[in-house]
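Where a number appears in this text, it was derived from the coordinates with a stated rule and is not lab data. Remember, predicted model here, so these are calculated numbers, not experimental data. Positions of Cβ are backbone-derived with ideal geometry, glycine not excepted, and every protein chain shown enters the neighbour counts.
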Amino acid sequence: MPIYEYRCSSCGAQKDVMQKIGDAPLTTCPECGAETFGKQISAAGFQLKGSGYYATDFKNSGKPKEQCAPCGAASTCPMADGGA
């Protein structure tokens with residue numbers, strides 16, 4: 001369940017509230033009772049790093065991989081460079 005930051009524009013009270021995504025946003029300030037309580041925009045609590053799931057796991061360009069002439073292995077074979 002996500003945690004949303006709320007702030008009252010009347011009294012300045014701030015509160016973090018855990019709500020379901022489908023729940024209606026809160027509007028009544030718990031401190032002063034005014035109807036000026038609203039969600040704040042904030043940074044996400046996580047970061048996505050790396051090259052990504054799709055790019056590294058299941059991406060298929062459609063062209064066949066090159067094979068090493070001496071042994072028939074994939075192009076990462078050390079023999080493909082003329083090595084022994």
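Please give the contour-minus-distance gain from residue 20 to residue 7: 0.36 nm per residue of separation, less the Cα-Cα distance, rounded to one decimal in nm. Write down the numbers at each step before the final one.
Details: separation 13, 0.36 × 13 = 4.68 nm, distance 1.83 nm.
Stretched fully, the residue 20-residue 7 segment lengthens by 2.9 nm.
Residue 40: net charge of surrounding residues, Cβ under 9 Å, Lys/Arg +1, Asp/Glu -1, itself excluded? Present the calculation step by step, with values, prior to reporting the outcome.
Working: positive: 7, 39; negative: 5.
Here the count lands on +1.
Between residue 27 and residue 40, what length in nm is gained on full extension when 0.36 nm per residue of separation is reduced by their alpha carbon distance?
Numbers: separation 13, 0.36 × 13 = 4.68 nm, distance 1.22 nm.
Stretched fully, the residue 27-residue 40 segment lengthens by 3.5 nm.
Could you work out the percent of alpha carbon pairs in the range 1-44 separated by over 17 Å, rounded to a whole number?
Values: 248 of 946 pairs.
Beyond 17 Å sits 26 percent of the P(r) for the range 1-44.
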